[in-house]
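Below: the structure, in structure tokens.
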Amino acid sequence: MSPQVPRHSLYSLTDSSDCGPEKEEEEEPSRRLTPLENLTLDMCHNENTIKELTVGRRVGFYKVRGEIGCGNFSKVKLAFHALTKDKVAIKVLDKLRLDLQTQRMLSREISSMESLFHPNVVRLYEVVETPSRLYLVLEYAGGGDLHSRITSQGKISEPESKIVFAQILSAVKHMHDNNIIHRDLKAENVLFSCNACVKVADFGFSTRVSTNNQMLDTFCGSPPYAAPELFKDESYMGPPVDVWAMGVLLFFMVTGTMPFRADTVPRLRRCVLEGAYVLPIWVSAPCQRLIQGILKPEPSERYALDQMLGCEWLLPVEFFRPVPPTYRLNPMHLLESGPGRLNQEEEEVRVALQELGVTEEHILNNQSKNSRSPVTGIYRIILHRMQRNKGTERAPMITGVVKDPKRDSLRAYRNLRHTSKLCVLS
């Protein structure tokens with residue numbers, strides 16, 4: 001037997017450094033390389049590509065373009081995948097500048113995004129790590145953020161506010177159903193995709209709780225959106241904090257101003273604790289009642305998400321969509337389902353992966369890595385593109401004016417099943 005020649009590559013898609021013997025390569029001179037093989041070969045031997053990787057103009061399989069945003073600990077850059085050509089946003093963090101607390105926040109951010117799979121939550125495609133930097137490859141939302149939109153164009157009409165708020169509500173309910181508290185809901189973190197679909201972003205302050213009644217004690221988020229209990233330096237429950245921030249968001253959308261304003265944080269704290277705000281008379285009565293039900297200083301008296309879903313103001317909005325299970329974020333799902341068990345969308349994703357050169361062996365060798373795998377990145381990008389093309393991500397519609405709110409208030413619960421000892425209502 002001829003000896004195998006080990007070849008090591010930083011961008012190898014397998015855990016093994018063993019390749020086939022050189023004799024086998026000589027026996028298949030006519031086989032055309034797949035796009036994936038061409039890319040990995042280029043990244044290992046092309047001088048220009050290696051230089052781009054060294055200076056940061058490439059990150060893994062992504063070609064980096066200009067900066068599109070920045071935060072306290074990171075920069076966000078526009079990029080596109082060299083194989084799929086899809087645009088992405090890359091959050092760049094300098095590992096050498098991250099203290100222990102920031103590292104824990106980053107770990108929670110990745111964990112939270114791995115657990116969420118919702119059309120109104122920004123998707124995490126891949127995590128790329130180098131000795132000095134960490135890169136979070138995220139869904140690119142090209143429509144800007146809610147804060148910039150309101151500050152440049154003014155308040156949003158109530159019909160449009162309903163559509164935006166309904167999507168934020170749907171995203172937050174999905175988070176809380178998965179025991180994840182965002183803790184930094186604000187207009188800057190509400191993004192728009194190119195097709196006007198709302199995307200809740202930035203899970204840097206998020207945390208996972210064992211139950212929604214679990215008490216937390218860390219002040220998080222932006223002071224103008226902070227609930228009264230956060231200013232009291234006491235322990236608090238997570239869901240009511242997110243709900244309060246949603247009330248501030250809704251007020252900002254329909255009026256173009258913030259409910260609590262002050263030039264210093266101590267004065268802002270006093271305004272929030274007093275709970276004093278003024279709603280303009282031109283805001284509709286149903287919208288006023290919703291805001292008043294949310295912005296209650298006492299957390300236990302604040303509206304719950306289910307109450308908001310069934311409120312009169314949102315009744316005309318059809319925004320309920322089935323949420324796919326999170327296991328579909330893992331490409332192993334394609335192999336574990338077996339032949340003939342995939343739906344049409346999943347079959348199209350499998351074929352697209354094959355055309356790029358992603359084989360079953362690639363998927364098997366990258367299992368258990370979650371987002372820290374280029375194979376997972378390719379899979380999630382293609383899966384997301386297929387879903388967008390099929391119209392699964394679009395803004396909800398307003399079906400019309402509800403004539404009898406009391407009678408139609410059960411519409412928000414039409415997917416629930418109610419039981420008692422005597423009967424079943426479905």
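Summary of values
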| read-out | value |
| --- | --- |
| Selection count, region 170-187, where residues are polar (S, T, N, Q) and either part of a loop (DSSP other than H, G, I, E, B) or over 13 Å from the mean Cα position of the chain (by Cα) (or both) | 2 |
| Elements of type helices (runs of 4 or more DSSP H) contained in region 270-344, each with 2 or more residues being touching a Ser or Thr at 6+ places or on another chain (Cβ under 6 Å) and modelled with pLDDT of 90 or more | none |
| Subset of region 247-273 that is among the aliphatic types (A, V, I, L, M) and over 19 Å from Lys296 (Cα atoms) - its residue that is surrounded by the most Cβ atoms within 10 Å (Cβ to Cβ) | Ala262 |
| Boolean, Thr84 is over 22 Å from Lys369 (Cβ atoms) and either in the same structural domain as Leu134 (by TED's automatic domain parsing) or without any contact (Cβ under 8 Å) to a residue 40 or more places away in the chain (or both) | no |
| Residues being closer than 16 Å to Val172 by Cβ, surrounded by 16 or more Cβ atoms within 10 Å (Cβ to Cβ) and within 18 Å of the chain's Cα centre (by Cα) - total across region 189-222 | 14 |
| Any chance Arg321 is within 23 Å of the chain's Cα centre (by Cα), among the basic types (Lys, Arg) and either on the phi > 0 side of the Ramachandran plot or buried (at least 22 other Cβ atoms within 10 Å of the Cβ) (or both) | no |
| Counted residues, region 137-166 - those being in contact (Cβ under 8 Å) with a residue 60 or more places away in the chain, of a type in the set (Gly, Ala, Ser) and either surrounded by fewer than 13 Cβ atoms within 10 Å (Cβ to Cβ) or assigned to a strand (DSSP E or B) (or both) | 1 |
| Residues of region 207-237 classified as in contact (Cβ under 8 Å) with a residue 40 or more places away in the chain and either among the hydrophobic types (A, V, I, L, M, F, W, C) or not assigned by TED's automatic domain parsing to the domain that holds Phe252 (or both), total | 4 |
| Filter result (of a type in the set (Gly, Ala, Ser) and touching an Asp or Glu at 6+ places or on another chain (Cβ under 9 Å)) within region 327-350 | Ser337 |
| Residue within region 240-257 that is more than 20 Å from Cys311 (Cβ to Cβ), in a loop (DSSP other than H, G, I, E, B) and within 28 Å of the chain's Cα centre (by Cα) present | yes |
| Where Asp233 falls short, out of the listed (1) outside any helix (DSSP H, G or I); (2) within 30 Å of Lys95 (Cβ to Cβ); (3) of a type outside the set (S, T, N, Q) | (2) |
| Residue satisfying all of: in region 96-129; more than 15 Å from His384 (Cα to Cα), modelled with pLDDT of 90 or more and not aliphatic (A, V, I, L, M); surrounded by the fewest Cβ atoms within 10 Å (Cβ to Cβ) among these | Ser107 |
| Checking Leu335 against (1) in contact (Cβ under 8 Å) with a residue 60 or more places away in the chain; (2) in contact with a helix residue (DSSP H, G or I) (Cβ under 7 Å, 6 or more places away or on another chain); (3) surrounded by fewer than 14 Cβ atoms within 10 Å (Cβ to Cβ), the condition it does not meet | (1) |
| Selected residue (only one of Ile398, Ile381 is crowded, with 19+ Cβ neighbours inside 10 Å and β-branched (Val, Ile, Thr)) | Ile381 |
| Pairs with Cβ under 8 Å, 6+ apart, first in region 340-354 and over 16 Å from Arg388 (Cα atoms), second assigned to a helix (DSSP H, G or I) | Leu342/Leu334; Leu342/Arg350; Arg350/Leu334; Leu353/Leu334; Leu353/Ile378; Leu353/Tyr379; Leu353/Ile382 |
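The values are calculated or read from the model by the stated rules, or taken from the named source; none is laboratory data. This is a predicted model, so every value here is computed, not measured. Don't worry about glycine lacking a Cβ; one is built from the backbone with ideal geometry, like all the others, and counts go over all protein chains shown.
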